[in-house]
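Where a number appears in this text, it was derived from the coordinates with a stated rule and is not lab data. This is a predicted model, so every value here is computed, not measured. Don't worry about glycine lacking a Cβ; one is built from the backbone with ideal geometry, like all the others, and counts go over all protein chains shown.
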Amino acid sequence: MYLTKEEEHIYEGDYGWASQICMKILVRLGELFDATKLIPIGSAHVSGVSYKTLGDAPAEFLEALANAGGKAKVKATLNPQSLNKEYLCKKLPEYLCKKQLNILNQFEKMGFTESLTCTPYYLEKPKKGSHLAWAESSAVVYANSVLGAWTNREGGPSALAAAIIGKTPDYGMHKAENRKPNILVSVETQLQNDVGFGALGILLGKILEDKIPIIQGLQNAAKENLKQLGAALASTGMVNMFYRDGTRLKTNEIEKISVEAKDVKQTIENLSTASKPKPDLVFLGCPHCSLNEMKQIANLIGNRKLKDGIEFWVCTSRFIKEKTEKYVEKIEESGGHVLTDTCAVVTWTDKLGIKTIMTNSAKTAHYAPTLNKAETILAPLKQCLKTALKG
Ligand code: F3S
């Protein structure tokens, strides 16, 4: 792999251990994928922020990096952490809050933006055609497919290294030849709601593996529907990008498959594992809510109040929460909680006694049985609210 003189000096350790180890991570990765050079990036988005998924050893590595003077060279945002100060810190054991806070402090020292969201694109939309090093899989699919930016699905360490060096190896989704569609998916049913789009993603992720589909039948999809689709696609497969119908790319010589209503219905049924109809938690906001979703949830709540014995969480970023104060008030007046910085999947719902989670997110329904040891009910937004609220 070709390195410039400056990159070579970093590699040799002339700029200190923190930059050296990050450069070594990037070069190793580049060599694995036959990259010939490093390219500058517009931003990095780092996952592996939650203590629940990270654990102690990676947290020690972060501390060593921060103590050695590691600093982000480009705009670098962070994925959700395992709890939030205002609500979950008070309910969970104190040592967990301390461990999490220590991780956050290391990122802060290194100049990372405390965005703590899986939807960094709502804070600042990356430029079309810009190269990124993003590690949250749902954001990767959204960036490549909806925003027209170019990013591989980074792991936590490679996104961290890219943030500190300001560059990423030039391979995979950074090359035009790897962004061509290679399968045509015809959706033979009108997807009705958020759950339909998510279920389609879960189903296709399993079938497509790492192929790039053109998906026909998404004419009426809102951006939030595409967010659900992408998050789910990335949960069960290695799909990093999809095209919607209307693309001018040639489709006559590629493989074709179709998805029917019964396939989507079956997927939704499979994602609902609960043995009882009443959930302990109704969770909306996976991926974190947009401004529109906050508005929609608040308007649908009206003057209703939460039913006894049910927790109701709406997760979003601090950025969106600040912009949607009146909707936040409405949700909280109902007895619900608008949580920033975290989500149900990356926190310890089991330690809160939550055994059944109802959600409109296929991604959450896919992960909750293993990551939260919870049973799931996957249902559209309106039904989730109906279950959570009286009246
Ligand atoms: Fe975001 Fe948590 Fe879902 S990090 S994509 S809300 S699992």
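Structure summary
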item	result
Burial ordering of K128, K386, K91, fewest other beta-carbon atoms within 10 Å first	K128, K91, K386
Assigned charges on the beta-carbon of Lys, Arg, Asp, Glu; the chain dipole about Cα centre (debye)	1000
Geometric extent, Cα atoms of the range 211-297 - Rg, Dmax (angstrom)	16.0, 50
Stokes-Einstein translational diffusion, the chain - Kirkwood Rh over all Cα pairs, 0.890 mPa s, 25 °C, in µm²/s	114
Charge dipole magnitude, Cβ of K and R +1, D and E -1 - the range 48-114, Cα centre, debye nearest 20	160
Pairs beyond 26 Å (Cα-Cα), from K85/K323; K5/K180; K206/K262	K5/K180
Under-5 Å amide H pairs with V259, H placed in peptide plane, nonlocal only	S186, V187, E188
Radius of gyration and Dmax over the Cα atoms of the range 5-177, both given in Å	16.0, 52
Cα coordinate range in the range 146-289, projected on the principal axes (Å, largest first)	50, 41, 23
Phi-based couplings in Hz for the range 98-110 (Karplus 6.51, -1.76, 1.60; Gly and Pro marked x)	5, 4, 5, 4, 4, 4, 4, 4, 5, 4, 4, 4, 8
Cβ charges +1 (Lys, Arg) and -1 (Asp, Glu), total dipole of the range 180-270, debye	260
The range 256-391 - convex hull of alpha carbons, volume per residue in Å³	125
Over the chain: helical MRE at 222 nm, DSSP H runs n ≥ 4 each giving -39500 (n - 2.57), nearest 500	-12000 deg cm²/dmol
Sequence of T236, T349 once ranked by neighbouring C-beta atoms within 10 Å, starting from the fewest	T236, T349
Surrounding net charge for K262, when Lys and Arg each add one and Asp and Glu each subtract one, Cβ distance under 11 Å	-3
